[in-house]
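Notes follow the structure.
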Amino acid sequence: MEPFMRLGMLTAILAIAAAPLPAAAQSVEEAESAEFAWQGKAYSLAIPEGFCLPGKEYQAMSKQMAAGDSQNETVLHLRNCEEPSGHYILIKTPRAVPAMNLPKSTFIRLIAEQLNGDAVEEGKQVGARDVETMSDGKLKVDGRNYGYAGYDEDCAYMSGTLDVAAGQQMATTFAGSCITLVGTASFAVHTHDYRPDGESVDALRARSRGVANAISPQ
C-alpha cells in the first residue's frame, strides 16, 4: 500500500486535535442521518445518539480547519449535542488515494502493518506542521502519546492522548480512531474528547468503530 495512505491516515488525527469549537460557533442541528459523497459515490450515516450536525455558524470555520489538513478530505463531522466544543467526531479520507479494489480484511491488515511500523513518526510530523500552518503558528500539537492500537475485522485502530498548546495555555484531548474500508473507499473515523470527565480512550475507539460500521454506500 502506498506511503501516502499511511501519511494521510496519521496526519488527520493531529490536524483535528487542534480543533476545539469556540463559543461563537457552538450551535448544532439535530438530525437522524447524514449524507456525503466521495469519489462519485454517495454514502449515508445514521447519526449516533447524543451527536448532532454543526450549526451554520460553524461551517466557515469547519472549512478552514479542513483545508488545513494537507493530506485528507473531511467528508463529515458531528458534534456532541450538549457539549459541542469538547466532544466531536470527524470522518476523513485521503485525497490522493484511488478506489481500493481489494477485500476489507486485506486493507485492514495492510494498514495495521503500516501503523505498527517505524514510519508512523513521519505522519505525526506532517500533521504537526499542518496544525502550525493552519493556525499561523499559534497552535502546536504533540502526538507522542497517540499511536497504533491493534486491529480486528472492522478497523485498524489508533488511540491515546494529544497535547495542544496555544501560547502558554495547554489542553489535552483523548482520541480514538478507526481506519476502515467501505466498499472501495477508505475512511478514517476520529473521535475526540477534551472534557476532563469525558469518555476513556477505549470508549472513544469503540465509538469510532461504531460510526465506521454505520457508514452505508447508497
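Condition test on VAL189, is it assigned to a strand (DSSP E or B) and closer than 18 Å to ALA112 by Cα?
Answer is yes for this residue.
So for region 105-127 (the condition being under 21 Å from THR191 (Cβ atoms) and in contact with a His (Cβ under 9 Å, 6 or more places away or on another chain)), does at least one residue qualify?
no
Please list, ordered by first then second residue, the pairs with beta carbon atoms under 7 Å, 6 or more apart or interchain, first in region 151-173 and part of a loop (DSSP other than H, G, I, E, B), second of a type in the set (Ser, Thr, Tyr) and buried (at least 16 other Cβ atoms within 10 Å of the Cβ).
Correct list of pairs: ASP154/THR180; CYS155/THR180.
What is the residue count in region 80-114 for residues that are over 21 Å from TRP38 (Cα atoms), assigned to a helix (DSSP H, G or I) and open to solvent by less than 50 Å² (accessible area, probe 1.4 Å)?
4
Do you know which residues across region 26-79 are touching a Ser or Thr at 6+ places or on another chain (Cβ under 7 Å), modelled with pLDDT under 90, assigned to a strand (DSSP E or B) and polar (S, T, N, Q)?
ASN72
In region 146-165, which residues are under 13 Å from ARG209 (Cα atoms) and open to solvent by 10 Å² or more (accessible area, probe 1.4 Å)?
The answer is ALA149, GLY150, TYR151, ASP152, GLU153, ASP154, TYR157, SER159.
The values are calculated or read from the model by the stated rules, or taken from the named source; none is laboratory data. Small disclaimer: the values here were computed from a predicted structure and weren't measured. Counting neighbours? That spans all protein chains shown, and the Cβs are built from the backbone with ideal geometry, glycine included. Surface accessibility is based on the protein's heavy atoms, side chains included, excluding ligands, DNA and RNA. Shrake-Rupley method; radii C 1.70, N 1.55, O 1.52, S 1.80 Å.
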